[in-house]
Amino acid sequence: MMVLWQEFDKDNHPGDLKYVIIDGEGKAKGEIQTIKNFALSECSPIVMSNQIVWYVNGNGNRFFYSIPLTD
């Protein structure tokens, strides 16, 4: 399982995307990871081909993002 979140600055500008893999008890299995220039949306991420995938709509375009799942 993975927890994803987007950080924002004090002026509500989106910052880095953060994520961490957690175990069945909700404990982190490793360090918090940071990815620059990724964005979250209202879309629920899915697992596909051993990666987490989601999309963001913006400026008339749809952008897909993915994060590989590793143990």
Length-normalised contact order of segment 2-68 in % [C-alpha pairs under 8 Å, at least 6 apart]: 20 percent
Under 16 Å Cα-Cα from residue 36, which lysines qualify once same-chain neighbours fewer than 8 residues away are excluded? 18
Provide the gained length on full extension for the span residue 2 to residue 69, in nm with one decimal, where the gain is 0.36 nm per separating residue minus the Cα-Cα distance. 23.2 nm
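Quick note: the coordinates plus some simple rules give every number you see, no bench work behind them. Because the structure is predicted, anything quoted here is derived from the model rather than measured.
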